[in-house]
Amino acid sequence: MASSRPDVADVEQARYLAAELERWVDRLAEDVERESATSVIAAKRAELYDVQRQLKALRETFPQAFRTR
């Protein structure tokens, strides 16, 4: 029977993915601040919210990956 605890590799992969998503969020936020075209801002903002949603889901799925050591 499979354990409900994720493998160490899964936790490390979650940490890596979270770091990449956080960098993406930062870049999108900068793009939104610099952009002047309303349509581009709306598209970037929608992408930003989607990445933030993915990051939140990752943290909820692998909370042990984000506990302070």
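Each value in this text was obtained by applying a stated rule to the coordinates, not by laboratory testing. Since we're looking at a predicted model, the values are computed, not measured. Using ideal geometry, Cβ is built from the backbone for each residue, glycine included, and neighbour counts are taken over all protein chains shown.
Helices in the chain, meaning DSSP H runs of at least 4 residues, each add -39500 (n - 2.57). Divided by all residues, the mean residue ellipticity at 222 nm is -26500 deg cm²/dmol. Here each label is just a point 7 Å from Cα along the line to Cβ, and for residue 36 and residue 49 those points are 2.6 nm apart.
Whole-percent P(r), the range 8-65, all Cα pairs, 5 Å bins from 0: 4, 21, 25, 18, 12, 9, 7, 3, 1.
For the range 8-65, averaging the sequence separation of C-alpha pairs within contact (under 8 Å, six or more residues apart) and dividing by the residue count gives a relative contact order of 50 percent.
Within the listed set 34, 15, 53, the Gaussian network model of the chain (springs between alpha-carbon atoms below 10 Å) gives the highest mean-square fluctuation for 34. Here the Karplus relation 6.51 cos²θ - 1.76 cosθ + 1.60, evaluated at θ = phi - 60°, turns the backbone of the range 44-59 into coupling constants of 5, 5, 4, 5, 4, 5, 5, 5, 4, 5, 4, 5, 4, 5, 4, 5 Hz, with x for every Gly and Pro.
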